[in-house]
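Take a look at the structure set out below.
The values are calculated or read from the model by the stated rules, or taken from the named source; none is laboratory data. A quick note: this is a predicted structure, and the numbers were derived from the prediction, not measured. Please note: Cβ atoms are built from the backbone with ideal geometry, for glycine as well, and neighbour counts cover all protein chains shown. All accessible areas refer to the heavy atoms of the entire protein, side chains included, with ligands and DNA or RNA removed. Shrake-Rupley method; radii C 1.70, N 1.55, O 1.52, S 1.80 Å.
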Amino acid sequence: MSGAQHGLTTTAMALLEPGDVVAVDALTYPGFKLAAEASRLELAPIPAAGNGPDLDALAALCKRRRVRAVYAMPTLHNPLGWVMSARRRRELVTIARQHGLILIEDAAYAFLAEGAPPPLASLAPEITVYVSSLSKSVATGLRVGFVRAPREWVPRLERAIRATTWNTPATMTAIACGWMEDGTVARLEEDKRRDATMRQNLAAETLGRLKRISHPASYFVWIPLEQEVRADAIAMALMRERVSVSTALPFSTSTHVPHAIRLAIGSVDLATLKRSLETVARVVADQTY
Ligand SMILES: Cc1ncc(COP(=O)(O)O)c(C=O)c1O
């Protein structure tokens with residue numbers, strides 16, 4: 001695949017029909033919203049409950065509607081950073097089997113969460129499409145991703161790959177496979193885990209008492225804002241100070257969009273990160289009564 005995004009798009013194209021209902025987190029990865037829109041899917045938001053989706057809400061939805069698939073990030077959710085427990089994974093699989101759902105497991109950031117419980121793909125290989133890539137561990141520009149799916153679904157996925165890119169670039173794939181085999185990818189993953197942890201620690205120190213939701217080794221921080229604070233006002237005020245953050249809007253799949261901002265803490269040097277985090281802390285404090 002040309003990255004995990006291509007994996008998600010081809011999965012939607014190959015395995016789902018226009019109008020199919022796909023359960024997604026109320027806050028989810030915006031790229032899946034795009035893939036779903038392109039395939040004319042209906043997204044049904046599931047609220048969060050602690051470290052994962054509210055599975056009672058999912059079960060209730062499946063009784064009410066004919067749901068075809070669930071899109072989930074059980075290991076290092078973007079944007080909330082959660083890692084679902086083994087018990088919750090088993091419950092999710094039970095619901096999926098009961099209602100004949102396809103599980104689309106996005107593991108783009110999973111390598112950052114060491115010691116996470118087994119992926120859904122190993123608990124329920126017969127219904128799970130596992131999607132990941134080397135974008136986060138090696139380089140986004142590599143555009144090398146992969147999908148693991150039940151054997152009988154592979155021909156349909158291959159047709160979707162042919163329809164979109166004919167094939168993936170063989171040179172890049174060969175280079176990436178070489179890096180996986182000679183231990184380069186494992187070493188880079190280790191480096192990124194250390195780097196992300198250091199950046200999270202810096203965020204914790206610099207943001208002080210601001211409420212934060214994040215994984216201790218991830219490259220993003222979710223900051224829920226007080227009732228009286230508008231996220232778009234904060235984002236605009238930060239933009240004026242040359243700090244770019246996202247609001248919850250691109251991540252939201254429900255009509256209720258929480259007032260929150262998402263900080264990406266991986267892409268700038270440490271001095272710029274520290275300065276930017278200080279700016280965030282100051283601007284949010286200024287706008288909170
Ligand atoms: C959760 C998640 N899935 C998939 C992707 C897409 O990754 P890729 O660059 O491999 O297409 C991203 C990129 O931000 C992501 O955050």
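Structural remarks
- Inside segment 96-123, residues that are out of contact with any strand residue (DSSP E or B) (no Cβ under 6 Å at 6 or more places or on another chain), of a type in the set (A, V, I, L, M, F, W, C) and more than 16 Å from the ligand (Cβ to nearest atom) make up a count of 1.
- The residues of segment 2-51 that are at positive phi and at pLDDT below 95 amount to a single one, Gly50.
- Only one of Arg159, Arg187 that is part of a helix (DSSP H, G or I), away from the ligand (no atom under 16 Å from the Cβ) and more than 28 Å from Arg68 (Cβ to Cβ): Arg187
- Selection status of Leu202, open to solvent by less than 60 Å² (accessible area, probe 1.4 Å), farther than 30 Å from Leu16 by Cβ and either outside the structural domain of Arg275 (by TED's automatic domain parsing) or not in a helix (DSSP H, G or I) (or both): no
- Every listed requirement among (1) of a type in the set (A, V, I, L, M, F, W, C); (2) open to solvent by 30 Å² or more (accessible area, probe 1.4 Å); (3) more than 14 Å from Ser254 (Cα to Cα); (4) free of Cβ contacts under 8 Å to residues at least 60 places away in the same chain is met by Met13 save one, (4).
- Breaking point among (1) assigned to a loop (DSSP other than H, G, I, E, B); (2) small (Gly, Ala, Ser); (3) closer than 21 Å to Phe32 by Cα, for Ala116: (3)
- Matching residues in segment 205-228 - criterion: being over 15 Å from Ala264 (Cα atoms) and buried (at least 17 other Cβ atoms within 10 Å of the Cβ): Leu210, Leu225
- Every residue from segment 142-156 that is closer than 18 Å to Phe111 by Cβ and either assigned to a helix (DSSP H, G or I) or outside the structural domain of Ala108 (by TED's automatic domain parsing) (or both): Leu142
- Which numbered condition Ser252 misses (of (1) modelled with pLDDT of 95 or more; (2) open to solvent by 30 Å² or more (accessible area, probe 1.4 Å); (3) closer than 21 Å to Gly50 by Cα; (4) among the hydroxyl-bearing types (Ser, Thr, Tyr)): (2)
- Counted residues, segment 162-184 - those being over 30 Å from Val221 (Cβ atoms) and either open to solvent by less than 50 Å² (accessible area, probe 1.4 Å) or part of a helix (DSSP H, G or I) (or both): 15
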